[in-house]
Amino acid sequence: MFNKRLKTLKDILPMARQGKYAVAQININNLEWTKSALNTAQECNSPIILGVSEGAKKYMGGFEAITGMVLGMIDFYKITIPVILHLDHGTTYEVVEEAIKGGFSSVMFDGSKRNIEENLEISKKVVALAMEHGVSVEAEVGSVGGEEDGVVGGIRYASLDECKRMAALGVDALAASLGSVHGHYEGEAKLGFEEMKEYSKATGLPLVLHGGSGIADDLIKKAISCGESKINVNTEIQEAFCDALVVYFESEKYKIGKGYDPRNIMKPGLIAMNNAIENKLKLFGSTGKA
Ligand code: 13P
């Protein structure tokens, strides 16, 4: 059972859907990402979802290490906003089980690379396991395009029938893929706004928009008004961090005083991430909604 200081998607997404705003999932990669997402959300009085991919789990030393870090920071920084610790794109039942055992409060099962019958069968088992532990579940239908953590996929729009069948299993949030991609878009994102409205109404579920980076602000706002209640952002935050470090090294600040100290090196990256995350929370309308 997860630590009660963590919340689930059930605690925040129905309200977001009703209030026509979206909660950001910020994918965390290390201590700086976690610290930035928690402190920025706290300053904005916004709920926050910390997403952890299977690759990020390996990088950070496993689910238990991540849970320990997040809970420790919640205490240390006196974080009072709702924090959801969420497995992003869990591709097997076993990894979902591992995340729940490791103290996560929420999981995504991504069966989008399987056929729909297999996807539904495993999602059903995931819902049963999650219910036993009070953990929330996000499931994917259709397929998000692009590349994330080595997982490559083409865009496949979700159908209404798939959405209804997945919703009937009792999932808490539905990643109905409607034209978004992980990473960079070629040209403008071609999002299925009519389908968003239709699927949101037909299932009664909060929809999840993966690939939230690189979509124009007006399209994001339209997607939220059409039923997207959770938006995942990773690439844009990574780029903000990276760009700030490029400036730091190019200006040779590391040669001045203790500029070589890793905490000083990270500082401009951290500030850039804080700003990038704050902009997203404002755009999604979740500030003041904690
Ligand atoms: P981006 O990297 O395109 O922001 O997508 C993040 C995401 O959808 C994580 O699940």
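Specify which of the listed residues (170, 183, 212) is at pLDDT 95 or above and either on the phi > 0 side of the Ramachandran plot or in contact with a Cys (Cβ under 6 Å, 6 or more places away or on another chain) (or both).
Matching residue, one of 170, 183, 212: 170.
Closer than 18 Å to residue 235 by Cα and either more than 16 Å from the ligand (Cβ to nearest atom) or in contact with a helix residue (DSSP H, G or I) (Cβ under 7 Å, 6 or more places away or on another chain) (or both): which single residue out of 120, 50, 85 fits that description?
On the way: 120 fails: closer than 18 Å to residue 235 by Cα; 85 fails: closer than 18 Å to residue 235 by Cα.
None of the others qualify; the one that does is 50.
Could you count how many residues in the stretch 173-189 are within 12 Å of the ligand (Cβ to nearest atom), part of a loop (DSSP other than H, G, I, E, B) and under 18 Å from residue 226 (Cα atoms)?
Number of matching residues: 3.
Determine whether the stretch 146-154 contains at least one residue that is farther than 30 Å from residue 290 by Cβ and surrounded by 21 or more Cβ atoms within 10 Å (Cβ to Cβ). Reasoning before the result, please.
Going through the stretch 146-154, the residues farther than 30 Å from residue 290 by Cβ turn out to be 146-147, 150-154.
Subsequent filtering for residues that are surrounded by 21 or more Cβ atoms within 10 Å (Cβ to Cβ) retains 146.
Looking through the stretch 146-154, at least one residue is farther than 30 Å from residue 290 by Cβ and surrounded by 21 or more Cβ atoms within 10 Å (Cβ to Cβ).
Take the stretch 105-149 and flag every residue that is outside any helix (DSSP H, G or I) and among the acidic types (Asp, Glu). Can you show your working first?
Initially, the stretch 105-149 is screened for residues outside any helix (DSSP H, G or I), giving 105-115, 134-149.
If the condition is that a residue be outside any helix (DSSP H, G or I) and among the acidic types (Asp, Glu), then 110, 138, 140, 147, 148, 149 are the ones that fit.
Examine the stretch 189-202 for a residue that is at positive phi, surrounded by fewer than 17 Cβ atoms within 10 Å (Cβ to Cβ) and not acidic (Asp, Glu), and state whether such a residue exists. Can you show your working first?
Going residue by residue through the stretch 189-202, those that are at positive phi are none.
The answer is no, given that none of the residues of the stretch 189-202 is at positive phi, surrounded by fewer than 17 Cβ atoms within 10 Å (Cβ to Cβ) and not acidic (Asp, Glu).
For the stretch 200-242, what are the residues that are of a type in the set (A, V, I, L, M), touching a Leu at 6+ places or on another chain (Cβ under 7 Å) and assigned to a helix (DSSP H, G or I)? Spell out the reasoning first.
Of all residues in the stretch 200-242, those of a type in the set (A, V, I, L, M) come to 202, 205, 207-209, 215-216, 219-220, 223-224, 231, 233, 237, 240.
Of the ones still in play, those that are also touching a Leu at 6+ places or on another chain (Cβ under 7 Å) are 202, 205, 207-208, 219-220, 223, 231.
Correct list: 202, 219, 220, 223.
Tally up the residues in the stretch 239-265 that are under 12 Å from residue 33 (Cα atoms) and either touching a Phe, Trp or Tyr at 6+ places or on another chain (Cβ under 9 Å) or loosely packed, with under 14 Cβ neighbours inside 10 Å (or both), please.
Here the count works out to 1.
Assuming residue 118 fulfils every condition listed in (1) within 20 Å of residue 54 (Cβ to Cβ); (2) surrounded by 17 or more Cβ atoms within 10 Å (Cβ to Cβ); (3) modelled with pLDDT of 85 or more apart from one, which condition is it?
The single condition residue 118 does not satisfy is (2).
Taking interchain pairs and intrachain pairs at least six residues apart, which have beta carbon atoms under 7 angstrom, with the first residue in the stretch 54-65 and in a helix (DSSP H, G or I) and the second among the hydroxyl-bearing types (Ser, Thr, Tyr)?
Hits for this filter: 54/91.
The values are calculated or read from the model by the stated rules, or taken from the named source; none is laboratory data. Since we're looking at a predicted model, the values are computed, not measured. Cβ sites come from the backbone with ideal geometry, for glycine too, and all protein chains shown count toward neighbours.
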